[in-house]
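Colleague: Handing you a structure now.
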Ligand SMILES: Nc1ncnc2c1ncn2[C@@H]1O[C@H](COP(=O)(O)OP(=O)(O)OP(=O)(O)O)[C@@H](O)[C@H]1O
Ligand SMILES: [Mg+2]
């Protein structure tokens with residue numbers, strides 16, 4: 001895989017992430033036994049894991065990596081690494097511990113975080129945690145004992161540069177448009193961008209914008225989240241309205257996405273009430289449009305659910321919100337069967353391949369989908 005082939009071999013090769021790199025290096029260079037651990041978080045595919053490995057390679061350290069969600073409880077993690085973090089070795093190679101998905105600990109594991117804190121305090125080696133959701137209350141105690149290192153999405157230009165570089169090294173001719181397209185839809189996720197590039201380049205020496213059809217898959221999934229983000233975070237009528245232009249989802253489905261997530265985003269009662277008021281008006285116009293077959297009325301449906309909900313808030317929200325899949329659609333069973341199959345398949349694959357379900361989703365599934373589409 002190209003993501004592995006072009007993995008950064010030292011910290012200089014990590015693209016972007018200047019601030020994260022700086023605070024990581026500062027933390028690890030000053031680290032002493034029992035000192036704070038590091039908590040890394042940020043979007044997918046932006047170099048979090050890569051930075052740790054690049055640093056280790058540069059400094060001749062072993063990385064001992066485990067995924068917290070595979071173990072579920074702090075006690076199990078302690079059984080696995082508890083003794084080795086305490087070990088003192090004067091002659092052997094140094095090591096760092098990397099514990100991914102720390103927020104994947106079971107929420108029933110009460111007191112579990114105390115055990116993790118104990119590991120941090122007794123450790124003779126630096127420990128790095130990676131979290132999907134650093135605001136998860138479950139890990140707040142662990143967080144107190146960590147230096148936080150946030151990663152950001154990579155810029156379009158950074159991604160474009162990497163893609164060009166790979167094309168050159170692989171000897172692949174390309175027009176600019178295809179690379180720009182991949183960079184744009186990657187939304188700052190370099191892994192996704194490299195995967196897309198590799199996917200469309202299989203067995204080819206030349207790629208062009210005609211190859212775009214192969215990449216549309218992931219793009220579709222992210223759009224509704226983008227729209228939600230704009231509607232809920234901004235107080236701009238125009239952006240809210242145009243946010244849904246690019247979603248390929250049915251507008252009625254978008255309606256349920258908004259409905260589901262109002263309470264996840266807005267905090268004030270009046271804002272929530274006002275938002276539902278707006279949705280009920282939207283719903284009214286939708287019915288009228290449909291029963292009277294007057295599709296002119298659809299624009300009011302759209303305005304109320306986008307602008308109406310966006311302007312229902314008093315202030316702009318900046319916090320991180322994990323948007324939920326609409327219960328209503330689940331209930332109606334529209335995509336239920338397919339999703340259930342997906343989940344089961346992913347769990348089975350994870351078991352077979354001994355890795356987390358997240359890894360299956362982000363790193364294996366794109367390939368498998370590609371292969372199955374080509375009947376291989
Ligand atoms: N900042 C970066 N510089 C260079 N290469 C990168 C960078 N970010 C991602 N990559 C490329 O993408 C691949 C995946 O990156 P990495 O595993 O570091 O992502 P991550 O941030 O840990 O994502 P996840 O949250 O999904 O685990 C790397 O193997 C590398 O090829
Ligand atoms: Mg990672």
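The values are calculated or read from the model by the stated rules, or taken from the named source; none is laboratory data. Keep in mind that what you see is a predicted model, and the values were worked out from it rather than measured. Cβ atoms come from the backbone with ideal geometry, glycine included; neighbour counts cover every protein chain shown.
Colleague: Test of understanding: among 46, 63, which residue is under 23 Å from residue 356 (Cβ atoms) and more than 9 Å from ligand 1 (Cβ to nearest atom)? Break it down stepwise before answering.
Modeller: Working: 46 fails: more than 9 Å from ligand 1 (Cβ to nearest atom).
Of 46, 63, the one residue that is under 23 Å from residue 356 (Cβ atoms) and more than 9 Å from ligand 1 (Cβ to nearest atom) is 63.
Colleague: In the set 76, 26, 19, 9, which member is part of a helix (DSSP H, G or I), outside the structural domain of residue 199 (by TED's automatic domain parsing) and either in contact with a helix residue (DSSP H, G or I) (Cβ under 8 Å, 6 or more places away or on another chain) or within 13 Å of ligand 1 (Cβ to nearest atom) (or both)?
Modeller: Details: 76 fails: either in contact with a helix residue (DSSP H, G or I) (Cβ under 8 Å, 6 or more places away or on another chain) or within 13 Å of ligand 1 (Cβ to nearest atom) (or both); 26 fails: either in contact with a helix residue (DSSP H, G or I) (Cβ under 8 Å, 6 or more places away or on another chain) or within 13 Å of ligand 1 (Cβ to nearest atom) (or both); 9 fails: part of a helix (DSSP H, G or I).
It is 19.
Colleague: Hey, can you tell me all the residues within the stretch 125-138 that are touching a helix residue (DSSP H, G or I) at 6+ places or on another chain (Cβ under 6 Å) and within 16 Å of ligand 1 (Cβ to nearest atom)?
Modeller: Scanning the stretch 125-138 gives 128, 129, 130, 131, 132, 133, 136.
Colleague: Going by the structure shown, is residue 63 within 16 Å of ligand 2 (Cβ to nearest atom), in a loop (DSSP other than H, G, I, E, B), in contact with a helix residue (DSSP H, G or I) (Cβ under 8 Å, 6 or more places away or on another chain) and over 23 Å from residue 138 (Cβ atoms)?
Modeller: no
Colleague: State the number of residues belonging to the stretch 170-187 that are part of a helix (DSSP H, G or I) and in contact (Cβ under 8 Å) with a residue 12 or more places away in the chain.
Modeller: The number of residues fulfilling the criteria is 11.
Colleague: Scan the stretch 88-135 for residues that are part of a loop (DSSP other than H, G, I, E, B), within 19 Å of residue 357 (Cβ to Cβ) and in contact with a strand residue (DSSP E or B) (Cβ under 8 Å, 6 or more places away or on another chain) and jot them down.
Modeller: 101, 132, 133
Colleague: Please tell me if residue 69 is under 13 Å from residue 130 (Cα atoms) and either part of a helix (DSSP H, G or I) or away from ligand 1 (no atom under 16 Å from the Cβ) (or both).
Modeller: Yes; evaluated as a whole, the condition is true for this residue.
Colleague: Next question, about the same structure. Given (1) buried (at least 20 other Cβ atoms within 10 Å of the Cβ); (2) under 21 Å from residue 19 (Cβ atoms); (3) more than 23 Å from the chain's Cα centre (by Cα), where does residue 113 come up short, assuming only one miss?
Modeller: The number of the failed condition is (2).
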